[in-house]
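**Student:** I have a structure I would like to understand better, so I am pasting it below and will then ask my questions one at a time.
Only the coordinates and a few stated rules stand behind these numbers; no lab work does. Because the structure is predicted, anything quoted here is derived from the model rather than measured. Using ideal geometry, Cβ is built from the backbone for each residue, glycine included, and neighbour counts are taken over all protein chains shown.
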């Protein structure tokens, strides 16, 4: 059996746009004070796009610093468009089940206290473009533009932002072929991006 080993370096820039109004002014509009799926750093492309239809289902477990636990079912799909160098990606934390602790509730200070429950997540839609194809001495480079919908709920419980967002990122990756039986490929990859979302009623 052949395995592929990935070494990834990630750098992300998160910028909060807007302010909170009215009753929502009690909320601190930052990912620190919301659930782990409210505004996560997106998965890396590793300098590659998908040249075939790909549908995946996954499970995430998040253990917070204050004893809170979140279980998430995630669905994703990659659909090639008019060329193998461009694909449409969709991913969706379908449902999360969470359990808070008194310490995590004190940190987040939600408008409505709820120690445990489940919420529906936001849908992410992106266009992934292969800017440079990987060559012998050239890394693969991809550009991604994505939109984050406001389909999620649970903002009153500090689980999701009730607002849209978007992000852009560039990733690069280069594979080193090892030729071994156990591990045949080592891939070095990195990404740099800009992520922005609306917080409140005005941009």
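**Student:** For the stretch 47-191, which semi-axes, largest first and in whole Å, follow from the square roots of 5 times the eigenvalues of its Cα gyration tensor? List each step's numbers first, then the result.
**Tutor:** Numbers: eigenvalues 254, 73, 37 Å².
Values for the stretch 47-191, descending: 36, 19, 14 Å.
**Student:** Which of the peptides 118-129, 71-82 is most tightly packed, and how do the rest follow, judged by the mean count of other Cβ atoms within 10 Å per residue? Please list the in-between numbers first.
**Tutor:** On the way: 118-129: 19.4, 71-82: 15.3.
Most protected by this proxy first, the peptides run 118-129, 71-82.
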